[in-house]
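Data first, discussion second: the structure below is written as structure tokens.
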Amino acid sequence: MTTDAFLADCRARLAFDLLSNTWNAVVLWALREGPSRPVELRERIGGISSKVLTETLRRLQTNGLVDRQTHPEAPARVEYRLTALGRTLLAPIDAVGAWAFEHGDEVLAAQEAACTHTPQPPRLAGRVPGESE
């Protein structure tokens, strides 16, 4: 097993894949205070559709980060909670969030600068753009 994070068989890449999906980290963070029903998660998160939330919860469950518990009531009540493994990702998510808080303005400024600077196509010597030969 290699430790080069850019190679496919590296475990670090697994972690990058888990955190590269925006909704994975958001849902994990939303569950940090305890079990929640899907409707509660949607309200807490905002901007996530029911379909995307369901897909995200299933993905997190498949990866052992979230447990799904069904309560035998009528109608059935479903709750999701972090597993012990899922809780281990809260510190890295918090660290990335702290970095974003500290450096977010710089990133936004760079994005804005990139949008306002429109590169011009290279000009060929002796030709005026749009002029035919």
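The values are calculated or read from the model by the stated rules, or taken from the named source; none is laboratory data. Model, not experiment: these values are computed from the prediction. Please note: Cβ atoms are built from the backbone with ideal geometry, for glycine as well, and neighbour counts cover all protein chains shown. Side chains included, ligands, DNA and RNA excluded: accessible areas come from the protein's heavy atoms. Shrake-Rupley method; radii C 1.70, N 1.55, O 1.52, S 1.80 Å.
Just the number please: accessible area per residue for the range 34-86, 1.4 Å probe, all protein chains included, in Å².
60 Å²
Given the peptides 78-90, 22-34, arrange them by the average over their residues of other C-beta atoms within 10 Å, most packed first. Intermediate values should be presented prior to the final figure.
Numbers: 78-90: 16.0, 22-34: 17.7.
Highest-to-lowest ranking by the protection proxy: 22-34, 78-90.
Treating only the Cα positions of the range 1-91 as identical point scatterers, give the base-10 log of I(q)/I(0) from the Debye formula at each q in 0.14, 0.17, 0.20, 0.21 Å⁻¹.
Log10 of I(q)/I(0), two decimals: -0.52, -0.72, -0.93, -1.01.
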